[in-house]
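Participant: One structure follows; several queries about it will come next.
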Amino acid sequence: MPAARPSSPLDALWQTSVVVWVLLAGEGLAAILALAPSGDGNRWIHFGVGSLAIQWILLTTLGSLYVLRRPISAWRPASVAYVALILLVLSTWLVFGLSTWLLADLWPMDRVERLRWLGRLTALALTVGALGLAAFQNHWRTRQLAVRVAQSELEALQARIRPHFLFNTLNTGAALVHQRPEEAERLLLDLSDLFRAALAGPREISLADELSLVRRYLEIEGLRFGDRLRVTWSLPEALPAIAVPALSVQPLVENAIRHGVEPAASGGDVSVEVVEADGVVQITVGNALPATPVRPTAGHQVGLSSVRARVQAMTQGRGSVETQAKDGRYTAILRLPMP
């Protein structure tokens, strides 16, 4: 089973919105420096030169963090912040050194003036870096707190979902004890595996283990519905080596049965498909819509919200769960980025 990647503040740096905001902040700093009262000459020229230098410094810092992401991803957020600040200062020195070397003819400076400029830029980098890291750490702490709160809410929601399935399963087992004791025994073993995953298992498991739990769940429901439940699997020869939140696909299958099979006298079909493309694993669970529309129940919305929130929390917002009703079928699509 692949190990789940630890959550790190660095994960947020590679998002497009964060990179854009960093570049915009650099432009704002260049504008402030160009408008400073001590500035001499054409302020547009100051803004252009400052913007070019600042953007090179920021991009060099982000690039260095990306190169070092693996060895420092497991460090504490405070240690990562110090590394980022050091890289910002080193990038400032690098860009300043290259600028004075390449523009030596246009920007002549003696040793004393060069050291004076280097001191100013270092102080500016430390000040701006400290302010930026303070804001980012505050954002990270707020985000982690929100994840913890969401996790607590989800655990409470799951406690409301499980009894519905438990009662149905126990009723089915009671009906099978005398007539088909072997199937009743298999039902109880499958139920034990499901509840072990729900109550005592890890928060994240491999996709193969999750689909194994789905098969056990479908075996239980197959005993209850018999021929009314028809299941179609579409899986690749080798399942992607990816971690998923425990019991994330099973609630989607449960919804498909409750709203596509249970209401119809003739039953219905449920399909489970796994596809990997462009670095994204897509898990699709579908069911035929009943001839008579059924109004969604609160349980359906609770289960779907639980899966969506856990997927987004595990993937730092890169995963998603979407639903749609089209051409007589209802589908739930779970997307997870490959590690």
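The values are calculated or read from the model by the stated rules, or taken from the named source; none is laboratory data. Note that the structure is a prediction, hence the values are computed from the model and not measured. We place every Cβ from the backbone using ideal geometry, glycine too, and count neighbours over all the protein chains shown. Calculation scope for accessible area: heavy atoms of the full protein, side chains included, ligands and nucleic acids excluded. Shrake-Rupley method; radii C 1.70, N 1.55, O 1.52, S 1.80 Å.
Participant: Restricting to region 236-249, what's the tally of residues that are modelled with pLDDT of 85 or more and under 18 Å from Ala313 (Cα atoms)?
Facilitator: 6
Participant: Determine which member of the set Leu145, Leu157, Leu118, Leu131 is surrounded by 11 or more Cβ atoms within 10 Å (Cβ to Cβ) and modelled with pLDDT under 75.
Facilitator: Of Leu145, Leu157, Leu118, Leu131, the one residue that is surrounded by 11 or more Cβ atoms within 10 Å (Cβ to Cβ) and modelled with pLDDT under 75 is Leu157.
Participant: Right, next: Of the conditions (1) surrounded by fewer than 19 Cβ atoms within 10 Å (Cβ to Cβ); (2) small (Gly, Ala, Ser); (3) within 23 Å of Leu24 (Cβ to Cβ); (4) modelled with pLDDT under 80, Ser79 satisfies every one except a single condition; which number is it?
Facilitator: (3)
Participant: Within the set of pairs 6 or more residues apart or between chains, which connect a residue that is farther than 14 Å from Val20 by Cα inside region 48-61 to a residue that is at pLDDT 85 or above and small (Gly, Ala, Ser) with Cβ atoms less than 6 Å apart?
Facilitator: Within 6 Å, the pairs are Ile57/Ser91; Thr60/Ser91; Thr61/Ser91.
Participant: Of Leu23, Leu10, Leu68, Leu59, which residue is under 26 Å from the mean Cα position of the chain (by Cα) and modelled with pLDDT under 70?
Facilitator: It is Leu10.
Participant: Still on this structure, please answer the following. Of all residues in region 263-273 being open to solvent by less than 40 Å² (accessible area, probe 1.4 Å) and either more than 15 Å from Arg215 (Cβ to Cβ) or acidic (Asp, Glu) (or both), which is modelled with the highest pLDDT? Walk me through how you get there before you give the answer.
Facilitator: Kept after step one, since they are open to solvent by less than 40 Å² (accessible area, probe 1.4 Å), are these residues of region 263-273: 264, 267-268, 270-272.
Those still in the list that are either more than 15 Å from Arg215 (Cβ to Cβ) or acidic (Asp, Glu) (or both) too: 264, 267-268.
On the way: Ala264: 85, Gly267: 87, Gly268: 90.
Going through the qualifying residues, I end up with Gly268.
Participant: On to the next question. Would it be correct to say that Gly260 is modelled with pLDDT under 90, open to solvent by less than 20 Å² (accessible area, probe 1.4 Å) and small (Gly, Ala, Ser)?
Facilitator: yes
Participant: For region 309-339, give me each residue that is open to solvent by 50 Å² or more (accessible area, probe 1.4 Å), modelled with pLDDT of 85 or more and not basic (Lys, Arg).
Facilitator: Across region 309-339, the qualifying residues are Glu322, Thr323, Gln324, Ala325, Asp327, Tyr330, Met338.
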